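J.: Here it is, the structure in full.
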Amino acid sequence: MKPREIKPGVFWVGAVDWDRRLFDALIPLPDGTSYNSYLIKGSEKTVLIDTVDPTMEEVLTGHLSGLEVKDLDYLVANHGEQDHSGTIPRILEKYPRAKVVSTPKCKGILTELLLIPEDRFITVDDKETISLGDKTLEFIHAPWVHWPDTMLTYLKDEKILFSCDFFGSHLATTDLYVTDEGLVYEAAKRYYAEIMMPFRANIQKNLEKIKDCAIEIIAPSHGPMYDKPEFILEAYRNWAFDEPKNIVVLPYISMHDSTRKMVECLVEALAERGVTVKQFDLTVTDLGKLAMSLVDAATVVIGTPTVLAGPHPNIAYAAFLANALRPNLKFASIIGSYGWGGQTVEQLTGMIPNLKVELLDPVVVKGFPKEDDFKALDNLANTIARKHKEHNFI
Ligand code: FEO
C-alpha cells in the first residue's frame, strides 16, 4: 500500500504483512498484521514515528523516498521490540542527522538489541514536548503496555495519539481506519489477550493516564487506526476493569474418549444451569482463541487424561501459557481419567501459581466414567453455577 495522508503533513507510511502467520514463533496470526509507521512534516522539523519489521524495511524506505523526505530530524521509538524498531538502523544510515527519541528504558533496550550508538539518542521524560515548528509532540510514558520501555506520542493540535502496541490489532487490511467494528473487536481482543492481559494493572493505570486527553484519532502500530476512539477505549476499559462473566473455559485433551465423555457431561450440565461454556480440544485449537476466551471467563476447568504419570503434555503447555497470561479467573477445577495412576492433579495445580483462583474439587476417575463419576460432574456444575451466582457474574 502507498503512503496515505491522515491530516495535512501527517502520513501513514507503514507496511501491511498479509501472509505472516506466526508472531514471536508462538502467536497465531490468522489475519496477518501490519507495522504502522507514521511521518510528520512540521514547518521546521520532520519526524518518523516508529519503523517497521526488518523484513519490510524496503517498503518503509520506499515510502520515504516517494514522499521526497530528504532529511529526518527525529525518529521516535515508542517501543523497542523489533517489529517496530528493527528498521531503525537502516533509517539512521539513510538519514545520518536523525536522532532517536525514546524513553531512557527504551534507549537501554535498543543499544543492546540493535547496537545503536548512544550518541544517536535523545531521551525524553514523561510529558516532555518537542516542537516541530507548527506542530508539537508530547511524549506520555506508558510502561508495561507491554514492555517496560513503552511510551505513547501525542500530536497535540491534531489530537492524534500514536499508541504503538496499545490498542493494536493483528489485522492486515487496506482500510486506514476501522470499517468493520466486529472484525476489529475480535482482532483487538485477541491481541489484548496475548500480550496485554498479563499487565492488566498497568493497562488500568495507563487508561487512567490518558483519560483526559482529547483524542480524535488513535493511531496504533498494528492494524487499522481508530477515527472513533471511544470504540476501542470502551473495549479496553471492559477487558481491563470489568469483573469476569458467567463463563467457563474448558480446554481438554482426550486420548481414548473417557475424558471426552466427562467433558460432554460437564458442558451439558453447565449449559442446563445457564452457564456459558467455551470448549477447546487442544489438538485442534488456535491458542489465540483460547487466550481470548480467558479475558472475561470466571472459571477454567481443565480436562486431561493421565499420561506418563501426569497431565497430557499439550495440557501442560496450555497451563503454562494460561499461567503466564494471568487472566482474571476466580475458580478452577480439573477433570479427567487415568489408567493406572499418576499425579495429574498435583502436577497441574503446581503449574498455575499465578492464577489467584479457588480450586474446586477435581473429578479425576479411573478408566471410563461411571454413574457416580457423572454425579460428581453434576455436583461440580452445581458448585460452579452457585459460585457464579453468588459473585453476581452475569
Ligand atoms: Fe508490536 Fe511489542 O511489538
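J.: What does the C-alpha gyration tensor say about the overall shape of the stretch 66-134? Classify as rounded when a/c is under 1.5, otherwise prolate if a/b is larger than b/c, or oblate.
T.: Working: a/c = 1.79, a/b = 1.11, b/c = 1.61.
Cα axes put the stretch 66-134 in the oblate bin.
J.: If you bin the C-alpha pair distances of the stretch 184-320 every 10 Å from 0, what whole percents do you get?
T.: For the stretch 184-320, the binned pair fractions read 11, 34, 28, 17, 8, 1 percent.
J.: Please go through the stretch 138-219 and write out the trypsin sites (Lys or Arg not before Pro) that DSSP classes as loop and that have at most 16 other C-beta atoms within 10 Å.
T.: K156, K159, K211
J.: Another question, then. Let me know the Kirkwood hydrodynamic radius for the stretch 219-299, please, with Cα pairs as the basis and the value in Å to one decimal. Spell out each step's value before the answer.
T.: Values: mean 1/r = 0.0668 Å⁻¹.
Every distinct Cα pair counted, the radius reaches 15.0 Å.
J.: If each of E358 and E371 carries a label point 7 Å out from its Cα toward its Cβ, how far apart are those two points in nm?
T.: Between E358 and E371, the label points sit 3.1 nm apart.
J.: Enter the angle in degrees (range 0 to 90, nearest 10) between the Cα long axis of helix 371-390 and the first principal axis of the Cα atoms of the chain, meaning the one along which they spread out most.
T.: 50 degrees
J.: Could you name the aspartates and glutamates in cross-link range of K45, using Cα to Cα under 17 Å and dropping any fewer than eight places away on the same chain?
T.: Reachable aspartates and glutamates: E68, D71, D73, E128, D134, E138, D157, E158.
J.: With the Cα gyration tensor of the stretch 316-394 giving a ≥ b ≥ c as the square roots of its eigenvalues, does the rule (a/c under 1.5 for rounded; else a/b larger than b/c for prolate; else oblate) give rounded, prolate or oblate? Before the final figure, lay out each step's value.
T.: On the way: a/c = 2.91, a/b = 1.13, b/c = 2.57.
Here the stretch 316-394 falls in the oblate category.
J.: Return the distance in nm (one decimal) between the two label points of a simple spin-label model at A25 and N379, each offset 7 Å from Cα along Cα→Cβ.
T.: 4.6 nm
J.: Also, quick follow-up: What accessible area per residue comes out for the chain, rounded to a whole number of Å², with a 1.4 Å probe?
T.: Using a 1.4 Å probe on heavy atoms only, each residue of the chain averages 42 Å².
J.: Which value in deg cm²/dmol, rounded to the nearest 500, describes the helix-derived mean residue ellipticity at 222 nm for the chain, given -39,500 (n - 2.57) per DSSP H run of n ≥ 4 and division by the residue count? Please report the intermediate quantities before stating the final value.
T.: Details: 12 runs with 126 residues, N = 394.
One gets -9500 deg cm²/dmol as the mean residue ellipticity at 222 nm.
J.: To test your reading of the geometry: what angle, between 0 and 90 degrees and rounded to tens, separates the Cα axis of helix 230-241 from the longest principal axis of the chain?
T.: Its long axis makes an angle of about 40 degrees.
J.: Okay, next question. Which translational diffusion coefficient, to the nearest whole µm²/s, is obtained for the stretch 245-389 from the Stokes-Einstein equation, given a Kirkwood hydrodynamic radius over C-alpha pairs, 25 °C and 0.890 mPa s? All intermediate terms of the calculation are to be shown ahead of the outcome.
T.: On the way: Rh = 14.8 Å.
D, rounded to a whole number, is 166 µm²/s.
J.: Could I ask something else about it? Please compute the Kirkwood hydrodynamic radius of the stretch 1-115 from all pairs of different C-alpha atoms, in Å with one decimal. Walk me through the intermediate numbers first.
T.: Working: mean 1/r = 0.0691 Å⁻¹.
Hydrodynamic radius (Kirkwood, Cα only) of the stretch 1-115 equals 14.5 Å.
J.: Dividing the convex hull volume of the Cα atoms of the chain by its residue count, what figure in Å³ per residue is obtained?
T.: Each residue corresponds to 135 Å³ of Cα convex hull volume.
J.: Taking the Cα centre of the stretch 30-72 as the origin and placing charges on Cβ (Lys, Arg +1; Asp, Glu -1), which of L60, S43, T33 is farthest toward the positive end of the dipole?
T.: Comparing the listed Cα positions along the dipole, S43 ranks first.
J.: Shifting gears a bit: Looking at the stretch 75-130, which GluC sites (Glu not before Pro) are DSSP coil and have at most 16 other C-beta atoms within 10 Å of their C-beta?
T.: Values: sites: E81, E93, E112, E118, E128; in loops: E81, E128.
Counting only loop positions with at most 16 other Cβ atoms within 10 Å, the GluC sites (Glu not before Pro) in the stretch 75-130 are E128.
J.: Here's something else I'd like to know. Given the Cα-Cα distance of L115 and D227 and 0.36 nm per residue of separation, how much length would full extension add, in nm? Don't skip to the end; give the middle numbers.
T.: Values: separation 112, 0.36 × 112 = 40.32 nm, distance 3.65 nm.
Taking 0.36 nm per residue and subtracting the Cα distance, the gain is 36.7 nm.
J.: Right, something else. Given the peptides 48-61, 229-242, arrange them by the average over their residues of other C-beta atoms within 10 Å, most packed first. Don't jump to the answer; show the numbers that get you there.
T.: On the way: 48-61: 22.3, 229-242: 16.5.
Answer by packing, highest mean first, reads 48-61, 229-242.
J.: What is the magnitude of the charge dipole of the chain about its Cα centre, with +1 placed on the Cβ of each Lys and Arg, -1 on the Cβ of each Asp and Glu, and no other charges, expressed in debye to the nearest 20?
T.: Values: 42 positive and 56 negative charges, 109 e Å.
Rounded to the nearest 20 debye, it is 520 debye.
J.: Multiply the residue gap between D286 and E158 by 0.36 nm, knock off their C-alpha separation, and tell me the result in nm, one decimal place.
T.: Details: separation 128, 0.36 × 128 = 46.08 nm, distance 3.95 nm.
Full extension from D286 to E158 adds 42.1 nm.
J.: Oh, and also: With the chain treated as a Gaussian network of Cα nodes joined by springs under 10 Å, which of G350, G336, G42 yields the largest mean-square fluctuation?
T.: Looking only at G350, G336, G42, the largest GNM fluctuation is found for G350.
J.: Report, in whole Å, the centroid distance computed from the Cα atoms of the stretch 8-81 and the stretch 288-337.
T.: With the stretch 8-81 and the stretch 288-337 each reduced to a Cα centre, they are spaced 37 Å.
J.: With just the Cα atoms defining each centre, how far is the stretch 139-156 from the stretch 229-277? Give it in Å.
T.: First find each Cα centre; the distance between them is then 33 Å.
J.: Contour minus end-to-end for K387 and H256, with contour as 0.36 nm per residue of separation and end-to-end as the Cα-Cα distance?
T.: Computed gain between K387 and H256 is 44.0 nm.
J.: Could you state the angle between the C-alpha long axis of helix 258-272 and the longest principal axis of the C-alpha atoms of the chain, as a value from 0 to 90 degrees rounded to the nearest 10?
T.: Here the helix axis deviates by roughly 80 degrees.
J.: Still on this structure: Need one number: nm distance between label points at N323 and D212, each 7 Å from Cα along Cα→Cβ, rounded to one decimal.
T.: Those two pseudo-labels are separated by 4.3 nm.
J.: Please list 376-382, 254-260 highest first by mean number of surrounding beta-carbon atoms within 10 Å per residue.
T.: On the way: 376-382: 19.4, 254-260: 17.4.
Highest-to-lowest ranking by the protection proxy: 376-382, 254-260.
J.: With θ set to phi - 60° and the Karplus curve 6.51 cos²θ - 1.76 cosθ + 1.60, what are the ³J(HN,Hα) couplings of the stretch 281-296 in order, to the nearest whole Hz, using x for Gly and Pro?
T.: Per-residue couplings from phi come out as 7, 5, 6, 10, 7, 7, 4, x, 5, 5, 4, 4, 5, 7, 4, 10 Hz.
J.: Let a ≥ b ≥ c be the square roots of the eigenvalues of the Cα gyration tensor of the stretch 130-214; is it rounded (a/c under 1.5), or, if not, prolate (a/b larger than b/c) or oblate?
T.: Numbers: a/c = 2.19, a/b = 1.24, b/c = 1.76.
Oblate, since a/c reaches 1.5 and b/c is not below a/b.
The values are calculated or read from the model by the stated rules, or taken from the named source; none is laboratory data. Please read these numbers as outputs of a predicted model, since none were measured by experiment. All Cβ positions, glycine included, derive from the backbone under ideal geometry; neighbour counts span all protein chains shown. The area values use the complete protein model at the heavy-atom level, side chains included, leaving out ligands, DNA and RNA. Shrake-Rupley method; radii C 1.70, N 1.55, O 1.52, S 1.80 Å.
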